[in-house]
Amino acid sequence: RNVTPAIDRDPLMEQDAKHNLDVAKQYFLLKKAYKGVLERFEETYAAYPTFSKIDEFLYYAGMSSYYLAEGKGKQKIDLKREKDPAKYEPAKLKENATVYLSEIVDKYPESKFKADAEKTLKMLK
């Protein structure tokens with residue numbers, strides 16, 4: 001049984017990241033605002049990649065990327081109006097979805113999001 005090494009977590013960063021995750025979860029589940037999820041995720045992941053619930057955040061980011069690539073969600077993408085249109089190209093979104101969901105499978109084998117991540121990864125291939 002492999003034990004994850006103890007990570008010294010910053011309580012303020014943890015609280016901030018948890019708030020961002022809670023907001024992203026609302027965006028994902030209630031509003032289907034997948035771009036909003038990705039913005040929250042990118043900000044949190046860049047600032048605090050050791051967040052205790054990063055597997056959950058990776059899941060919402062991966063699924064949001066996948067859904068946006070499929071044209072789903074309430075926030076429509078207009079590549080002509082985006083600041084960074086390349087980021088929202090379907091191929092790039094699918095690539096990001098694969099990266100985020102693969103990270104759950106590879107780094108967080110105990111995650112409750114692993115099975116769903118694997119299922120979506122099969123669809124992305």
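The values are calculated or read from the model by the stated rules, or taken from the named source; none is laboratory data. Since we're looking at a predicted model, the values are computed, not measured. Cβ placement follows ideal geometry from the backbone for every residue including glycine, while neighbour counts extend to all protein chains displayed. Remember, those area values only see protein heavy atoms, side chains included, never the ligands or the DNA or RNA. Shrake-Rupley method; radii C 1.70, N 1.55, O 1.52, S 1.80 Å.
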Q | 3J(HN,Hα) from dihedral phi, segment 83-95, Karplus parametrisation 6.51/-1.76/1.60, rounded to Hz, x for glycine, proline | A | 4, 10, x, 4, 5, 9, 5, x, 5, 5, 4, 5, 4
Q: Would you work out the relative contact order for segment 13-92, in percent, from Cα pairs under 8 angstrom that are 6 or more residues apart?
A: 30 percent
Q: With a probe of 1.4 Å, find how much accessible area the chain has per residue, and write the answer as a whole number in Å².
A: 63 Å²
Q: Answer rounded, prolate or oblate for segment 6-125, using the Cα gyration tensor with square roots of eigenvalues a ≥ b ≥ c: rounded when a/c is under 1.5, else prolate when a/b is larger than b/c, else oblate.
A: oblate
Q) Taking θ as phi - 60°, what are the ³J(HN,Hα) couplings along segment 52-59 by the Karplus curve (6.51, -1.76, 1.60), each to the nearest whole Hz, with x for Gly and Pro? A) 4, 10, 5, 4, 5, 5, 4, 4
Q: Using a cut-off of 10 Å between beta-carbons, work out the net charge of the residues near L58 (Lys and Arg +1, Asp and Glu -1, L58 not included).
A: -1
Q) Mind listing which GluC sites (Glu not before Pro) in segment 43-125 are in a DSSP loop and have 12 or fewer other Cβ atoms within 10 Å? A) E110
Q. Near A17, within a Cβ-to-Cβ distance under 12 Å, what is the net charge of the other residues, with Lys and Arg +1 and Asp and Glu -1?
A. -2
